[in-house]
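The values are calculated or read from the model by the stated rules, or taken from the named source; none is laboratory data. Predicted model only: the values in this text are computed from it and were never measured. Backbone-built Cβ (ideal geometry, glycine too); neighbour counts: all protein chains shown. Accessible surface is based on the protein model in full, side chains and every heavy atom, while ligands, DNA and RNA are left aside. Shrake-Rupley method; radii C 1.70, N 1.55, O 1.52, S 1.80 Å.
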Amino acid sequence: MASLRNLLVTLSMVSLMACFANAQLSPNFYASSCPNLQLIVRNAMREAINRELRLGASILRLFFHDCFVNGCDASILLDDTATFTGEKNAGPNQNSARGFDVIDTIKTRVEAACTGTVSCADILALAARDGVVLLGGPTWAVPLGRRDARTASQSAANSQIPSPFSSLSTLISNFAAKGLNARDMTALSGGHTIGFSQCFTFRSRIYNDTNIAPMFAANRRGVCPASGGDSNLAPLDIQSPNRFGNTYYQNLVSQRGLLHSDQELFNGGSQDALVRLYSTNPTAFSNDFAAAMAWTMRKDKAMKQGIYDRLVALEKNETLYAKVCKLCEESSKAVVSRELFQTQGEHVALLEEFKAFKSNPELGKMMKIGWRASIRASGVPLSSKLFSRHDAWCISSSTTILTTNLP
């Protein structure tokens with residue numbers, strides 16, 4: 001009877017905790033309420049790119065800048081008012097971020113088909129993905145169901161969006177703060193294989209940096225004088241600015257990165273080997289880029305808040321809480337296989353998310369069992385060899401077991 005009772009408890013916890021990983025986000029979120037959503041977005045993006053190839057890169061950048069400030073919540077789309085200051089006029093976005101009209105057009109068409117159903121945040125996420133695909137890049141499943149922001153933070157946009165003048169260590173830190181590791185950062189930087197940049201963002205590189213091919217620097221100076229011409233454009237990828245591929249990394253290997261921050265990825269540092277890999281293996285780059293994009297979208301604050309709310313509710317149920325902790329302790333030798341993830345970076349990103357939490361040993365234990373339960377529910381085989389670091393971390397002292405740190 002005891003064994004049966006334990007089994008029933010385990011099955012109940014699988015059902016309860018499986019929702020932790022999803023937090024109501026799903027690629028099929030609008031399957032019933034707006035079944036033609038993805039077709040509407042894809043067709044609109046095709047029209048936009050046929051009209052101006054550069055818009056694929058513009059929408060991708062718009063999405064990236066949105067996600068880097070309080071998650072992928074469309075806060076970048078909010079206009080300033082007399083009583084509200086948005087992100088559009090933050091330094092990284094002012095006279096630079098573009099493609100707003102494309103998102104407006106898509107939103108209008110979606111509203112005509114499914115009134116009051118689809119968030120702008122989801123539209124922007126789908127448009128960014130489709131822009132990459134239409135320019136020859138990889139695809140990925142976009143988790144849908146996020147809500148639109150009702151506020152924005154110009155100060156966060158100014159301080160958190162990576163700068164084109166950043167060092168490698170700063171870039172790694174910027175991305176780590178968002179739960180993305182160095183490999184994710186290097187893969188996502190490959191988004192610079194499409195699009196253009198303004199003269200003021202690369203002037204110091206072409207006139208002052210020494211790790212730059214002389215002929216490349218001379219050519220760029222032709223469009224970017226030492227003074228003036230700040231808004232003059234040059235392609236981020238000199239080989240194929242309108243085609244998504246791995247030529248961006250080939251440029252870095254030959255010291256033809258346009259931005260200082262680009263060339264930092266290949267400058268005798270920790271990412272050199274990965275840049276070389278991507279430069280010769282387009283499949284490796286495409287796979288890692290798609291995986292990092294998918295993971296970025298699951299780092300939303302709304303998802304963390306959903307997990308936190310469930311954990312708090314569970315903590316208040318003393319009987320169930322005791323069973324969870326007991327199961328957690330009894331299962332300390334069962335660890336989850338890393339093969340579940342598309343890249344090791346996804347596992348590292350989860351650990352980084354945990355590290356952004358406050359100290360609370362009991363909720364930390366529930367995090368652990370919830371993590372495992374959701375994996376079991378997915379049918380992925382367990383491994384006794386991998387993720388041991390995660391297990392040890394989860395059951396360590398109260399100073400390192402954490403729960404969400406949200407405003």
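Tabulated data for the structure shown
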item	result
Per-residue HN-Hα couplings for region 203-211 [Karplus 6.51, -1.76, 1.60; θ = phi - 60°; Hz; x = Gly/Pro]	4, 5, 5, 6, 9, 10, 5, 9, 8
Loop-located trypsin sites (Lys or Arg not before Pro) in region 109-158 whose Cβ has at most 12 other Cβ within 10 Å (DSSP)	ARG150
Equivalent-ellipsoid semi-axes of region 26-84, from the Cα gyration tensor, Å, largest first	23, 19, 12
Mean accessible surface per residue for region 16-153, computed with a 1.4 Å probe while every protein chain stays in place, in Å²	43
Integer Hz, Karplus 6.51/-1.76/1.60 couplings in order for region 234-242, x for Gly and Pro	9, x, 5, 10, 5, 7, 8, x, 10
Amide H within-cut-off set for SER197, under 5 Å, with H built and near neighbours excluded	ALA234, LEU236
Sparse-neighbourhood loop sites, chymotrypsin sites (Phe, Trp or Tyr not before Pro) in region 154-222 - DSSP loop, at most 14 other Cβ within 10 angstrom	PHE165
Gyration tensor verdict on region 100-206 (Cα atoms; rounded if a/c is under 1.5, prolate if a/b is larger than b/c, oblate otherwise)	prolate
Residue-span extension gain [ALA82 to SER159] - 0.36 nm each, minus C-alpha spacing	25.4 nm
Length gained when the stretch SER270-ALA213 is fully extended (0.36 nm per residue, less Cα-Cα span)	18.4 nm
Region 222-297, accessible surface, carbon-and-sulfur percent (1.4 angstrom probe)	50
Region 27-172 - percent relative contact order, Cα under 8 Å, separation 6 or more	36
Area accessible to solvent at TRP140, 1.4 Å probe radius, in Å²	20
Interatomic Cα distance distribution for region 169-232, bins of 10 angstrom, percent	20, 36, 33, 12
For region 74-137: rounded, prolate or oblate by the Cα gyration tensor [a/c cutoff 1.5]	oblate
Surface accessible to a 1.4 Å probe, MET185 within the full protein complex, Å²	0
Calculated FRET efficiency for the pair SER26/SER231, C-beta based, R₀ 51 Å, to 0.05	0.80
Chain lengthening between VAL253 and ASN36 when straightened (0.36 nm per residue, less Cα-Cα)	73.8 nm
Nitroxide proxy distance, nm - points 7 Å out along Cα→Cβ at ASN281 and SER169	2.9
Under the Karplus curve 6.51 cos²θ - 1.76 cosθ + 1.60, θ = phi - 60°, whole-Hz ³J(HN,Hα) for region 57-69, x wherever Gly or Pro sits	5, 5, 5, 4, 5, 4, 5, 4, 5, 5, 5, 6, 10
Accessible area of HIS260 in the full protein assembly, 1.4 Å probe (Å², nearest 10)	50
